[in-house]
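Read the figures in this text as sums done on the coordinates, not as results from a lab. Predicted model only: the values in this text are computed from it and were never measured. We place every Cβ from the backbone using ideal geometry, glycine too, and count neighbours over all the protein chains shown.
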Amino acid sequence: MIAVGRGPLGRAWRQMGEDIWLQAVAVSTLCVALAIMGTYLTLCLNLGAAASRLLTGPTLLVVLTPEAGPDRGPVLARELSRLPGVATASYVGRDEALVRFRRRLGPQASLLDDLEVNPLPNGVELVLAPGAPAGPELAAFIKNRAGVAEVVSGRPWLKRLERAVSAGGDLAVALGILLFLGVVLVTSNTVRLAVHARRRQLELMALVGASPGYMRGPYLVEGMLQGLMAALLASLLLWVLFSLLSAPAALPLGLRLGQVLAFPPLLPLCLAVLAVAATLLGGFLGVGRSLRPREML
Amino acid sequence: MIRLEQVSKSYPHRDEPALKRVSLAIPPGQFVYLTGPSGAGKTTLLRLLYGAELPTAGRVLVGGVDLGRLSPGKLPLLRRRLGLVFQDFRLLPSRSVFENVALSLEVAGVERRQIEHRVSEVLEQVKLKDMASAPADTLSGGEQQRVALARALAPGPDLILADEPTGNLDPDNALAMMRLLVGDYVGGATVLVATHDPTLLSLVRGARLVHLERGLLEEME
């Protein structure tokens, strides 16, 4: 069967079939570039989620005076939960506090067995909303409420962590853009290689009156198909790699390696979108001036 | 159909211009031989006519279109009105005869059914219909040049430019090729054949003869 009158997709498919080695080189190069991009995205997403979990942990503990009656704690918790910037406020009775303390001590919990009385006070645990100011103003405001003995900042280093996460986010975006530009560069060079390999064919098309758009179309489609194939391969590669590396090893800040290298379910879609965007951009750059009807002959 | 007005063409790294103030007018339907030794400027003149080069000075008009003023975007439209034949055939080697001929119609956006009809027609004219599905690189030189001619004829061009079309052919195939170029198949198109082979000149009676020598054009009797 002789095929004529194909659209850009058909012509792209055909020219891909004519040079399998070129395709293999293009797809594997793109696959490596996308795998690097995918690893970076995974680390950003998982570390971002971990930081978010840390930042939304209990950040303020309101200690009640011994004179505060048994109803004061729950009432204060309800009042504080309505304050701006407070995600949740929950009353923790002294018995519950002792249970938690035991749990935290783990194997050393038996040290508490000799206690005759529970020394811990009643309290209210505040969880602040992400990004909410946990500054001294809030603590001072709460301290003036009836029945409050003191306000303890649960994790004084959280503020520093929050600043670091914010700065890290900006850096991550900048690095992400650089990586994306790297993928565009790889794609544009791959397309340039393909154009060079088919120079004679393109010259001939220009001679018989093919417009630059007619010649460019299959290259853009070819680039997109290569990008999608590379995205699929890179996703598979990362899934296997992360599965192998995800040992239950502990990392600082209570993180686990398995959490940091968890394969994000949307990663293949992200890589496919990135690949298509990069190959379209790279395709335009790669074909560039080389398909102008006067210059190419 | 073709008008050259005081056309000169120089290249940066050559002392002597390839063409020197060449003027030529070819009316529609005329058959013209452009003769001259190798390096005389024949190929340069043809390249100016299909817009691969721009003149250093003067004007080149094809079908009333001044190529110096033609925007790059319109150049493909002009080339679709031309049929080009080269000494080295310039076929897509792995594609079939049919696909090579269809290419000149495909790029112009002709419908599939019309392409199939027209390609069959021109392959019949150049006596290659039975070889339609054969890959181009399996054909002999003479057959490949007939495929190239069929590709040039398929869109029904107004002007056929042939640069040494028999340069790679034996005398029998050269004769067959020239017969195709002067037959009814060209459909009244203007034909300009560049050649340095004097034996071809006797094949076309009444053909106009112009001679290029070191970039200067001279009309011959």
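Observations on the structure shown:
- Cα long-axis angle, helix B:97-106 against chain B (0 to 90 degrees, to the nearest 10): 60 degrees
- Inter-label distance, B:Lys127 to B:Arg112: 3.3 nm, where each label sits 7 Å from its Cα along the C-beta direction.
- DSSP beta bridge pairing in the range B:139-221, given as percent antiparallel to the nearest 5: 50 percent
- Extension gain, A:Glu203 to A:Leu269: 0.36 nm times the residue separation minus the Cα-Cα distance gives 20.0 nm.
- The protein assembly as shown shape via C-alpha gyration tensor axes, a/c threshold 1.5: prolate
- A straight Cα-to-Cα reach below 28 Å connects B:Lys74 with the lysines B:Lys9, B:Lys20, B:Lys42, residues fewer than 8 places away in its own chain not being considered.
- Here each label is just a point 7 Å from Cα along the line to Cβ, and for A:His196 and A:Asp71 those points are 8.5 nm apart.
- Note on B:His196, A:His196: ascending count of other Cβ atoms within 10 Å places them as A:His196, B:His196, the fewest first.
- Extension gain for B:Asp170 to B:Thr56 (0.36 nm times residue separation, less C-alpha to C-alpha distance): 37.3 nm.
- Estimated from helices alone, the mean residue ellipticity of the protein assembly as shown at 222 nm is -15500 deg cm²/dmol (sum of -39500 (n - 2.57) over DSSP H runs with n ≥ 4, per residue).
- Prolate/oblate/rounded label for the range B:1-45 (Cα gyration tensor, a/c 1.5): oblate
- Length released on extending from B:Asp137 to B:Arg69, taking residue separation times 0.36 nm less the Cα-Cα span: 20.6 nm
- Placing a pseudo-label 7 Å from each Cα along the Cα-to-Cβ vector at B:Ser23 and A:Leu245 gives an inter-label distance of 7.7 nm.
- Percent RCO, i.e. relative contact order, over the range B:53-155, from Cα pairs under 8 Å lying at least 6 residues apart: 36 percent
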